[in-house]
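We did not get these values from a lab; they are worked out from the coordinates using the rules stated. Only a predicted model underlies this, so the values are computations on that prediction, with no experimental measurement involved. Cβ placement follows ideal geometry from the backbone for every residue including glycine, while neighbour counts extend to all protein chains displayed.
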Amino acid sequence: MASYVQDFSEGGKDQKDLLGGKGANLAEMTRLGLPVPPGFTITTDACRAYMRTGHLPPELRVQVTMAVRRLEDALGRGLGDFHEPLLVSVRSGAKFSMPGMMETVLNVGLNDASVIGLAELAGDERFAWDSYRRLIQMFGRTVLDIDGDRFADTLDEAKAAKGVAQDVDLDAADLRRLVEAYKEIVRAESGREFPQHPREQLDLAIVAVLRSWNTDRARLYRRRERIPDDLGTAVNVVSMVFGNLGPTSGTGVAFTRDPATGHSGDYGDYLANAQGEDVVAGIRNTLSLAEMEQVSPQAYGELRQAMRRLETHYRDLCDVEFTVERGKLWMLQTRVGKRTAPAAFRIATQLVDEHLITMDEALARVSGAQLSQLMFPRFDAGAERTLLTRGMAASPGAAVGAAVFDSATAEARAAGGEDVVLVRRETNPDDLGGMIASVGVLTARGGKTSHAAVVARGMGLTCVVGADELDIDLGARSMKVGGHEVAEGDVIAIDGSTGEVYLGAVPVVASPVSTYLAEGLDAALAQAGPDQETAELVRSVHRVLTHADETRRLRVHANADTAEDARRARSLGAQGIGLCRTEHMFLGERRVLVERVVLADDDAERQAALDALLPLQREDFAALLTEMDGLPTTIRLIDPPLHEFLPDLTELAVKVAVAAERGEPDPHDVKLLAAVRRMHEANPMLGLRGVRLGLVVPGLFALQIRAVCEAAADRIAAGGHPHAEIMVPLVGSVMELHLVRDDALRIMAEVGAGRGVELDLPVGVMIELPRAALTADRIAEIAQFFSFGTNDLTQTTWGFSRDDVEGAFFPEYLANGVLTVSPFETIDTKGVGRLVRIAVEEGRATRPDLSVGVCGEHGGDPESIRFFDAVGLDYVSCSPFRVPVARLEAGRAAI
Ligand code: ADP
Ligand code: MG
Ligand code: MG
């Protein structure tokens, strides 16, 4: 019999696949001897079985019965028992935390009979009825799919009728009436009675939690976080403890360090006489942990001890959820906490300094995505600005955009290309789409642990919360704040590092981390000035990145076309140029010369035009090689189809027709039009481009190769150390490369003899067609290096037109799960990656010292870098500003 159930006392933190994060960590805390209410986990196997078959595995029923009996025996209570009822929570919990995305039902086991028993047991009637109404509310919403507003409105009515503002001001009789009203809602909305049988409640709640894995918002969240859809969630059944048992009870969340700054010391929110989500939902103002110490000193002491224990054990920042029941502490959840990008770097090096982790571990705990967040510009402190208000800094960054007051508007305006800042009283899980569409989020209510803050931090989205001076009028689509009225569409600016909110756009300046990356530590520390926090951050980044550089095996090159790009790339740490595109050398005023090459009637005319291009290109290359002195510089011969350099067919046809009509035909235009027509292709990406162009248009590649050779010779004469390499694009057959290389060797010899230097420039290929990858053994007989052009290789392997698919059907493909991420963003390791692997192996079998790199967009993508490291490439090449990210990720890949 397959086992689908495991008690907390049996598991541990390494079982996240099976138990989910929450279950595994509950088990770990139990093992550590921390006060966790007993319970058990229904494994993710059950969820996967449920997703496959649409019903629960039959063994599960039996195993749940056995586990519930163990619980009953341990606690001396019974599910549905009149005198000593056992109540449980039924909680979702997947491998990766998905805050607020899935469902949890509390107080399962209460019914018309056991509510009386609970009241007697606790000696508190109000509490029992409060728990019961919460059950019906959560159960109705989650299990029976009743609109949550129905319950919330009825609760508001009850408070209004009594003339009180807060839930806690309702007494037992009020709550008993509320229970009746809730039951009536259930009857009316679902057509059935609220189920009185505790086991039926439990079974239905389990199914509801399993189903919550596949809600739209959960799927959307997973797609964004790149969490696979087939992991499934576990279900944790936990005996209830009560934070709503009067003033010496309460519930809270806490971090072992400040998740926004990384500063050590505990930090959290506490709410007395409350249950479950009350803290996060922001229904009442929370207390700080220091204030909690005043009301519940003993529980506070236990909490601090537990948190220290957890931080030592996990050797990382942990967050916890806890409840105090009549002065006694209960731990309900822990996990290694999410954190902002600056906090991630600071915490990593702080833990190294505290001798809790090694530098390798520190490196593993930060990511390229976090580093790139730190490179975002900040608001210019010296600029004029109008401060509207100040909230809590929840997730750093500087966001400027049009204020919008609901998610649908945010999504609509963002789709139109506008930057928007989503402004809400508070966010809830349904706002996820709107948050994704926005450049920043601002809320009026909630603390650093509110939904908006948690989700924004996870997404790296700028966020300010709890700006309680905001007076938002959703109906009028405007808000009043600080004496101003801000209408929907008015531009505001929010600073997620300070919590400040400004009217209008505020200019931004380079972040200290990007100053560090471009100009070094001293420049960045000078910029930070007396700001210790920033100085500490810059030092952390420096330490971690230095360690990455010492650790990584992959070299990092940059894609740079001009001397200026090359300089920037070098300052950011590039160790070479992996791809210099030469197309730009045919643009601007040089177009005329390209036209003459195309229109030439004979070889002499064409050669004249090419000769005119030669000195121009030589200077371009010389400047590049000067900048990259001593470092490999891979120059790709012209790649795009020539017609891209000629006028547009339709426009030119109209021009010629109009001129003809007037009886003033321009012979040049007529000739050009004929050429454009001749060169027009139905499918230019698969047409006359790359090496094909070089072999068909005489003299074109020769011009470029000669320009490179002359530039190299000039540099050598000037005492430089040029390392130019010639890369041939779109090769499919070794014969193509043969022809180009023969030409190249001849030109090298000619130029070398003329200048009295020996030129030996490596000639290699860009592998961007499946055929090239599959015949790599042959190609390597001629090619001295390979560089994977993974953009085209992805395009040609999948048969996806890169320029069309993103808008056309990728959204659909991402929604229906055919793709989890665009293969143009992260390398498709199974298909395209397999070709890469084959080419590397077979290429090196022919030529053991073959140098192999990648120059597609993937060269700067963290996950792809991990793959390129694993298949043994020599370097990745990416855009200059991604270079630091690639350095970091290459270091992480190596540990
Ligand atoms: P989420 O994953 O959304 O945080 P949880 O399963 O952690 O959902 O539960 C939601 C809330 O209910 C949390 O505040 C948690 O502390 C509280 N809770 C869950 N189980 C119990 C329990 N057995 N006793 C008391 N409170 C509980
Ligand atoms: Mg929780
Ligand atoms: Mg290409």
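Using DSSP to define loop residues, name the GluC sites (Glu not before Pro) in the range 720-804 whose beta-carbon has at most 16 other beta-carbon atoms within 10 Å.
Passing sites in the range 720-804 are E758.
Run the dipole for the range 388-495 about the Cα centre, Lys and Arg Cβ at +1, Asp and Glu Cβ at -1, nothing else charged, and hand back the magnitude in debye, nearest 20.
Value, rounded to 20: 320 debye.
Could you run the Karplus curve 6.51 cos²θ - 1.76 cosθ + 1.60 with θ = phi - 60° over the range 87-97 and give me ³J(HN,Hα) per residue in whole Hz, x for Gly and Pro?
Couplings: 10, 9, 9, 10, 10, 6, x, 8, 4, 9, 5 Hz.
Using all C-alpha to C-alpha distances in the range 696-746, build P(r) with 10 Å bins and read off the rounded percent in each one.
Bin by bin from 0 Å, the calculated values are 22, 49, 23, 6.
What are the semi-axes of the equivalent ellipsoid for the range 5-238, taken as the square roots of 5 times the Cα gyration tensor eigenvalues, largest first, in whole Å?
30, 22, 16
What full-extension length gain, to one decimal in nm, is calculated for V508 and E589 as 0.36 nm per residue of separation minus the Cα-Cα distance?
Length gained between V508 and E589: 25.7 nm.
How large is ³J(HN,Hα), in whole Hz, for each residue of the range 102-113 in order, when computed from phi with the Karplus curve 6.51 cos²θ - 1.76 cosθ + 1.60 and θ = phi - 60°, using x for Gly and Pro?
So the J values, rounded to whole Hz, are 10, 9, 9, 10, 9, 6, 5, x, 7, 8, 4, 8.
So how far apart, in nm, are the two label points at E200 and Q532 if each is 7 Å from Cα heading toward Cβ?
6.3
Under a plain spin-label model, where a point goes 7 Å from the Cα along Cα-to-Cβ, how far apart in nm are T562 and A383?
2.5
Loop-only trypsin sites (Lys or Arg not before Pro) in the range 543-649, please: DSSP not H, G, I, E or B, and at most 14 other Cβ atoms within 10 Å.
Those satisfying the criteria are R553.
Quick one: Cα centre-to-centre distance for the range 590-620 and the range 84-147, in angstrom?
80
Pairs of alpha-carbon atoms within less than 8 angstrom and 6+ residues apart define the contacts here; what relative contact order does the range 754-895 have, in percent? Can you show the working numbers first?
On the way: 202 pairs, mean separation 35.2, N = 142.
Rounded, it is 25 percent for the range 754-895.
So how many Å³ per residue does the convex hull of the Cα atoms of the range 388-495 work out to?
Details: hull volume 8.6 nm³, N = 108.
Per residue, the Cα convex hull of the range 388-495 comes to 80 Å³.
Give the lysines whose C-alpha is closer than 17 Å to that of K22, dropping any in the same chain fewer than 8 places away, or say none.
Straight-distance partners of K22: K13, K95, K338.
Could you tell me what percent of the DSSP beta bridges with both partners in the chain are antiparallel, to the nearest 5? Walk me through the numbers on the way to the answer.
Working: 64 of 102 bridges.
Bridges in the chain are about 65 percent antiparallel.
Using Cα centres only, tell me the gap between the range 208-286 and the range 544-569 in whole Å.
41
Considering amide H positions built from the backbone, and no H for Pro or chain starts, which residues 5 or more places from R555, or on another chain, come under 5 Å of its amide H?
Y875, V876
Taking 0.36 nm per residue of separation and subtracting the Cα-Cα distance, what length does fully extending E59 through S9 add?
Computed gain between E59 and S9 is 15.9 nm.
222 nm [θ] for the chain, helices only, -39500 (n - 2.57) per DSSP H run of 4+, per residue, to 500?
Result for the chain: -14500 deg cm²/dmol, rounded to the nearest 500.
L470's amide H: which non-local residues (gap 5+, or another chain) put their own amide H closer than 5 Å, with H modeled 1.01 Å from N in plane and none for Pro or chain starts?
Result for L470 returns nothing.
Got the relative contact order for the range 250-336 handy, in percent, Cα pairs under 8 Å and 6 or more residues apart?
Dividing the mean separation by the residue count of the range 250-336 yields 30 percent.
Just how large is the dipole of the range 298-379 about the Cα centre, in debye to the nearest 20, putting +1 at every Lys and Arg Cβ and -1 at every Asp and Glu Cβ?
Around 220 debye, computed over the range 298-379.
Evaluate the Debye formula for the range 643-733 with equal point scatterers sitting on the alpha carbons, no solvent, and hand back log10 of I(q)/I(0) at q = 0.11, 0.14, 0.26 Å⁻¹, in q order, two decimals.
-0.53, -0.71, -1.24
What's the FRET efficiency of A173 with R315 using the Cβ-Cβ distance as r and R₀ = 45 Å, to the nearest 0.05? Don't skip to the answer; put the middle values down first.
On the way: r = 51 Å, r/R0 = 1.14.
Given R0 = 45 Å and the Cβ-Cβ separation, E is 0.30.
Full extension from E485 to V658: what is 0.36 nm times the residue separation minus their Cα-Cα distance, to one decimal in nm?
Extending this stretch completely gives an extra 56.8 nm.
Looking only at the range 854-872, which residues have a backbone nitrogen under 13 Å from a spot 7 Å from the Cα of R226 in the C-beta direction?
858-868
Two decimals is fine: what's Rg over Rh for the chain, C-alpha atoms, Kirkwood radius as Rh?
1.05
With Cβ to Cβ distances under 12 Å as the rule, what net charge do the other residues near A260 carry (K, R +1; D, E -1)?
Here the charged neighbours net out to +4.
Give me a comma-separated list of calculated 3J(HN,Hα) values for the range 524-532, in order, Karplus coefficients 6.51, -1.76, 1.60 applied at θ = phi - 60°, integers in Hz, x for any Gly or Pro.
5, 5, 5, 5, 5, x, x, 6, 5
Between the alpha-carbon centers of the range 309-365 and the range 2-43, tell me the distance in whole angstrom.
19
With +1 assigned to the C-beta of every Lys and Arg and -1 to the C-beta of every Asp and Glu, and no other charges, what is the dipole magnitude of the chain about the Cα centre in debye, to the nearest 20? Can you show the working numbers first?
On the way: 95 positive and 131 negative charges, 359 e Å.
The calculated dipole for the chain is roughly 1720 debye.
Taking K and R as +1 and D and E as -1, what net charge do the other residues with C-beta under 14 Å from the C-beta of V508 add up to?
Taking every Cβ under 14 Å from that of V508, the sum is -3.
Give the calculated FRET efficiency between A674 and L521 to the nearest 0.05, with a Förster radius of 56 Å applied to their Cβ-Cβ distance.
The calculated FRET efficiency here is 0.40.
Measuring from label point to label point, each 7 Å out along Cα→Cβ, what is the R692 to D602 span in nm?
Result: 3.0 nm between the two label points.
Only loop residues by DSSP count here, and only those with at most 13 other Cβ atoms within 10 Å; note down the GluC sites (Glu not before Pro) in the range 351-434 that meet that.
Filter output for the range 351-434: E354, E384.
Under 13 Å from the Cβ of L616, count the other residues' Cβ atoms, weight Lys and Arg +1, Asp and Glu -1, and hand me the total.
-1
Residues of the range 158-197 with amide nitrogen under 16 Å from the 7 Å Cα-to-Cβ point of D112?
Taking a point 7 Å out along Cα→Cβ of D112, the residues of the range 158-197 whose backbone N falls under 16 Å are 176-188, 192-197.
From the C-alpha gyration tensor of the range 820-895, pull out the three semi-axes of the equivalent ellipsoid (sqrt of 5λ each), sorted largest to smallest, in whole Å.
Those come to 20, 15, 11 Å.
Could you work out the pair-distance distribution P(r) of the range 739-859 from its alpha-carbon pairs, with 10 angstrom bin width and percents rounded to whole numbers?
Taking all Cα pairs of the range 739-859, the binned fractions are 13, 35, 26, 16, 7, 2, 0 percent.
Mean separation of Cα pairs under 8 Å and 6+ residues apart, divided by the residue count of the chain: what relative contact order is that in percent?
Normalised by residue count, the contact order of the chain is 9 percent.
I need the Kirkwood Rh of the range 1-64: take the reciprocal of the average 1/r across all distinct C-alpha pairs and report it in angstrom.
12.0 Å is the Kirkwood radius here.
Residues with amide H under 5 Å of T389's amide H, sequence separation 5 or more or different chain, H placed in the peptide plane at 1.01 Å from N; which?
V501
Work out the FRET efficiency for E180 and R284 from their Cβ-Cβ distance, taking R0 = 35 Å, and round it to the nearest 0.05.
0.90
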